[in-house]
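To start, the structure itself, in structure tokens.
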Amino acid sequence: MSNTVLNCGYVPLVDSAPLIIARELGFAAEEGLDLNLIQQPSWSALRDMLALGHLDAAQMLSPMPVAMSLGLGGLPAKIDSLMGLSANGTVFGVSTRLADALGMLPFGDPNLLLSALITRDPQPLRVGVPFPFSMHRLLLSYWIGTAPDLKVEIVTVPPPRMADAVAEGHVDAFWVGEPWGSAIVGRGVGSILMAGRHVWGFAPEKVLAARHDWIADNPDTTRQLMRAVYQSARWLDLEKNKPLAIEILGRSEHLNLAHEVIEPAVTGFLTLTQGGTPTKVDRFLMFHNHAASFPWRSQAAWIAGQLGADATGIGRAKQCFRTDLYRENLGPIGADLPGASEKIEGTIREETAVASSRGQMILAPDAFFDGRTFDFAATAAE
């Protein structure tokens, strides 16, 4: 019997790795899928291709299914997040010209960095982000929301073009996923000043998404896809597999980049300025560990809240993060499942054991830089 062909869209980023590895190492084939990966030039193109049915599933920025459930931007479509593809993995940096003006700053101090940016010239700070409905933009807005005197102009730039935008002076700063931050440093046109996790310790970055009606019509294919991606993400977070992962991701048919540009995200050792010594960033990018692939409904609620949703909208957002399918499809193959589908976001300041289907699991710190916490328990999913 031939495998089921499944068309899946992605944007060339390191955190598309669970899809690429699922195809290249045979996790998809073992589930009976011929995973046809279709690279997209931008997030808007990917969104429209999925909404119109030209793609069966796709890697998506975690806020995209929530925004679509709220009717924000683009084509109207009901899109569900089946599971997380990655947590964290983004960087904020500035052009070399601005870095020189700011002077020496410690890496990873959002408060000190904000103070330095406020005291620069009064012109708006032009920050490149990959998409309006992205975790990059939400974290940027949350961070600068504590500094109302800082004027910011947000500019949408597709990730592969971010280095050109910095080099040509179209933006002063950037918030982008890897490897494109490291590519900017490698070209000598910018410096990395902090990681996204310095603003939110455990931010859902990319998700595996599909149309709600396609999921309902294809329960077996949905289960096969989720299981293949789960096994792939588990493989990716094993230290011994990182060299092979870097080699596969760098191939011409995928990211088409030198291993030196991909390695920082996979290993967590970031080079902050051209020629500098790599700096270790703990929990920089996670695919599986610490329940990174679990679609926490409280994270959907946080995203919806940042997008301005009311209680009804937050309830709708929770519903599109499919914890039910995660439990139903991955529990039987031994996935460790958290006891709850929501948590109070921002309360975990160190690795913490919580109840799970196999006894206990360890969750990673999820604190926000300003110490705030978010409890959405009173807002029920519709």
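The values are calculated or read from the model by the stated rules, or taken from the named source; none is laboratory data. Note that the coordinates shown come from a computational prediction; the quantities given were computed from them, not determined experimentally. Reconstructed Cβ throughout: ideal geometry from the backbone, glycine too, with neighbour counts over all protein chains shown. Quick note on the areas: whole protein, heavy atoms, side chains included, nothing else; ligands and nucleic acids left out. Shrake-Rupley method; radii C 1.70, N 1.55, O 1.52, S 1.80 Å.
Annotation: amide H-H contacts under 5 Å for T90 (H modelled 1.01 Å from N, sequence separation of 5 or more, or interchain): G196, R197. With the convex hull constructed from alpha-carbon coordinates only, the chain shows a mean projected area of 17.7 nm² over all directions. Between the amide H of F321 and those of S81, distances stay under 5 Å, these residues lying 5 or more places away or on another chain, with hydrogens modeled in the peptide plane.
Each label was represented as a point 7 Å from its Cα along the Cα-to-Cβ direction; for D48 and S115 these points are 4.6 nm apart. Taking a Cβ cut-off of under 12 Å around E351, the surrounding Lys, Arg, Asp and Glu residues balance to a net charge of -1, with basic ones at +1 and acidic ones at -1.
Remark: accessible surface ordering of E253, E328 (largest first) is E328, E253, probe radius 1.4 Å. The coefficient of translational diffusion for region 103-155, derived via Stokes-Einstein from the alpha carbon Kirkwood radius under 10 °C and 1.306 mPa s, stands at 134 µm²/s.
S2 contributes about 100 Å² of solvent-accessible surface, heavy atoms of the protein only, 1.4 Å probe.
Using the Cα coordinates of region 235-302, the gyration tensor eigenvalues translate into equivalent-ellipsoid semi-axes of 24, 17, 12 Å, sorted from longest to shortest. The residues L25, L140, sorted by heavy-atom accessible surface at 1.4 Å with ligands and nucleic acids left out, run L25, L140 from largest to smallest.
By the rule of a C-alpha distance below 24 Å, with chain neighbours fewer than 8 residues away ignored, the lysines paired with K206 are K78, K240, K242, K280, K318, K343. When all protein chains stay in place and ligands, DNA and RNA are ignored, the 1.4 Å accessible-area order of K206, K151, K280, largest first, is K151, K280, K206. Can you bin region 1-154 into rounded, prolate or oblate? Criterion: square roots of the alpha carbon gyration tensor eigenvalues sorted a ≥ b ≥ c, rounded for a/c under 1.5, prolate for a/b above b/c, oblate for the rest. Judged from the Cα gyration tensor, region 1-154 comes out prolate (a/c at least 1.5, a/b above b/c).
In the chain, the calculated helix contribution to ellipticity at 222 nm averages -10000 deg cm²/dmol per residue, counting -39,500 (n - 2.57) for every DSSP H run with n ≥ 4.
Taking a ≥ b ≥ c as the square roots of the eigenvalues of the Cα gyration tensor of region 191-297, is the shape rounded (a/c under 1.5), prolate (a/b larger than b/c) or oblate? It is prolate, given that a/c is not under 1.5 and a/b is the larger ratio.
Taking the chain as a Gaussian network of alpha-carbon nodes connected by springs under 10 Å, the highest mean-square fluctuation of the residues D336, D217, D237 belongs to D217.
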